[in-house]
Amino acid sequence: MRLLYNILFIVSFCLSAPFYFLKMWRRGNWQEGFGQRFGRFSSKVKQAMTNRHVLWIHAVSVGEVNVATQLIDVLQQRLPNLKIVVSTTTSTGMSELHRKLLPSHIHKIYYPIDRRPYVKRAMMAIHPEAIVLVEAEIWPNFLWVAREFGIPTLLVNARLSERSFRGYKRFGFLFRSLFASFCAVGCQNQADAERLGQLGCRPEVIRVVGNLKFDAAKLDERRVLDVGRTLAQLGVPSHARVLLGGSTHAGEESVLAQIFLRLRQQFPDLFLVLVPRHFERGKEAGRDIAAQGVRFVYRKDITPQTQHRPGEVDCLLVNTTGELRYFYECATVIFVGKSLTAQGGQNPIEPGVLGKPMVFGPNMQNFEAIAKAFVQQRAAFQVKDAPELERTLALLLSDPDLASELGQNAVKVVHENLGAIERTVDMIVEQLDGAEVYVAHRRNEPAPKAASQP
């Protein structure tokens, strides 16, 4: 089975490499750390791992990075003698790690491509005492090598959409033993726990701890952008209504532009802010809204000298990363993207924690339980199509009391679901063979010598 997987992986990797290289090139900064994807690390990184208790946390991209940084904050308080390495798959995830300004002793690396030589080389360079995977991205060679080296592997904030569940179950001959290899699994809800059990996770290692993204959905104390000033530069009055499309996908910018132009006839002060999920789609999104007659400015084009007169600009198109949360703060009403013309949905917790009224489309599969909680507690509206989206946005813009009610209910939903970070850290600490070493270090007691690494 392993031989078959590796043959198929090499074939698919060779076929897809041009596409992914183009995608990396479009996002930029692909050269930095490129060798790490093949398990090649600098001597500085290798030296930093020598004779240390190392915990490797993997966060796929931006959303998982936000969760990982919250875990790191609590872990450092609980286990101050712990060396933490955090990896990510995407360049946008790496940009977010650097934007978080994590302490210099926390190493940030790229996750290795799932080919055995690359994975093994990475394991031998990092030699972790344990590995924590944030959410469910399962790469067979990575887990096989970890098991061969005797490294305990944990899965946290685990969630499985119906589509992912069916896929893993269809290839159960490959994935069942991999799910069984996890020594601890922290699930978001009971439905995910049952699905993971059916996929092979041992019942005794599964815990329902809640969704870590509720804890992670808070603004950084370090302010990196004055959104009010930015909008003022575009001639937007401080009292203007702002319609924000967050994490939008292909087709949604055009739909929102059409809705915006019609709504502005009823609300003349309305201003549109669009934040595509992938900043490299900025040009495509710009062409789509320009075709509708919307006058826009790219976020990257705004300088300290930029100044427009009121009414010159209809829309700000944000083609940067890591700033969506700050734009959420200025919004009057929010549309959560990837839910109307695409499948999966995006995180509704971030606008929820800010007390903002939000609307999303029918496709929230990746946040099914969260979306359901918001809708059931009248903390968000879910619509079935573009016409209903327009009617709902008009209702919220015309009824400030209703908008305020939704926002207050959203904050309540978030507060009711806090605490998953602490419960997850408890689970991680229990699984670390050297947990008593770290606790002893914190109490200034003699700590035993670190065990040799495989």
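The values are calculated or read from the model by the stated rules, or taken from the named source; none is laboratory data. What you are looking at is a predicted structure, and each value in this text was computed from that prediction instead of being measured. Note that we place each Cβ from the backbone using ideal geometry, even for glycine, and neighbour counts take in every protein chain shown. For accessibility, only protein heavy atoms count, side chains too; no ligands or nucleic acids. Shrake-Rupley method; radii C 1.70, N 1.55, O 1.52, S 1.80 Å.
Structure notes:
- In order along the stretch 81-98, the Karplus-derived 3J(HN,Hα) couplings, from 6.51 cos²θ - 1.76 cosθ + 1.60 at θ = phi - 60°, round to 8, 8, 8, 10, 10, 10, 10, 9, 8, 9, 5, 5, x, 5, 4, 5, 4, 5 Hz, and Gly and Pro are given as x.
- Note, ³J(HN,Hα) from phi for the stretch 138-144, Karplus 6.51, -1.76, 1.60, rounded to Hz, x at Gly and Pro: 9, 10, x, 4, 4, 6, 5
- Euclidean distance between Cα centres, the stretch 313-332 to the stretch 10-35, Å: 28
- Computed FRET value (nearest 0.05) for R166 with R229, which takes r as the C-beta separation and R₀ as 56 Å: 0.70
- With each label modelled as a point 7 angstrom along the Cα→C-beta vector, the A290-Q365 pair spans 3.4 nm.
- Cα-based equivalent ellipsoid of the chain: semi-axis lengths in Å, sorted from largest, via gyration tensor: 40, 23, 23
- Rounded Å value of the spacing that divides the Cα centres of the stretch 107-142 and the stretch 199-218: 21
- According to the Cα-based calculation, Rg over Rh for the stretch 37-183 is 0.95, with Rh computed by the Kirkwood formula.
- Computed from the C-beta positions of F173 and L15 and an R0 of 25 Å, the FRET efficiency is 0.60 to the nearest 0.05.
- The 1.4 Å probe gives accessible areas that order F9, F38, largest first, as F38, F9.
- A cut-off of 5 Å between modelled amide H atoms, ignoring neighbours fewer than 5 places along the same chain, links H308 with L234, G235.
- Helix 62-78 and the longest principal axis of the Cα set of the chain meet at an angle near 50°.
- The residues of the stretch 75-228 expose on average 38 square angstrom of accessible surface per residue, using a 1.4 Å probe on protein heavy atoms.
- Label-point gap, in nm, between N81 and Q266 - each point 7 angstrom along Cα→Cβ: 6.4
- Label zone at W30, where the point sits 7 Å out along the Cα-to-Cβ direction: the stretch 279-299 residues whose backbone N lies under 18 Å: 279-284
- Accessible area per residue was computed with a 1.4 Å probe on protein heavy atoms; F21 scores about 90 Å².
- Semi-axis lengths, Å, the stretch 266-306, gyration tensor of Cα atoms, sqrt of 5 times eigenvalues: 18, 16, 10
- Vicinal HN-Hα couplings computed from phi for the stretch 104-119 (Karplus, 6.51 cos²θ - 1.76 cosθ + 1.60; Hz; Gly/Pro x): 4, 6, 8, 7, 10, 9, 8, 5, x, 4, 7, 10, 3, x, 5, 5
- All-pairs Cα distance distribution in the stretch 235-306, expressed in whole percent, bin size 10 Å: 18, 52, 28, 1
- Note on the stretch 291-312 and the stretch 360-436: Cα centroid distance 32 Å, given to the nearest whole angstrom.
- Amide hydrogen neighbours beyond the local backbone of V132, cut-off 5 Å, H modeled: W56, I57, H58, L154
- Order by protection proxy (mean Cβ within 10 Å, highest first), peptides 306-313, 280-287: 280-287, 306-313
- Length available on full extension from A250 to R202: 0.36 nm per residue minus the Cα-Cα distance, which gives 13.3 nm.
- Counted by Cβ distance under 14 Å from N141, the other residues give a net charge of +4, where Lys and Arg count +1 and Asp and Glu count -1.
- Using alpha-carbon coordinates, inclination of helix 400-416 to the longest axis of the chain, degrees: 10
- Relative to the dominant Cα principal axis of the chain, helix 420-431 is inclined by about 10°.
- Sum of -39500 (n - 2.57) over DSSP H runs of 4+, divided by residues of the chain (222 nm, nearest 500): -14000 deg cm²/dmol
- Amide H contacts under 5 Å for K338, placed H, 5+ residues apart: H249
- Treating each Cα of the stretch 240-353 as an identical point scatterer and summing with the Debye formula, the log10 of I(q)/I(0) at q = 0.12, 0.19, 0.21 Å⁻¹ comes to -0.37, -0.99, -1.23.
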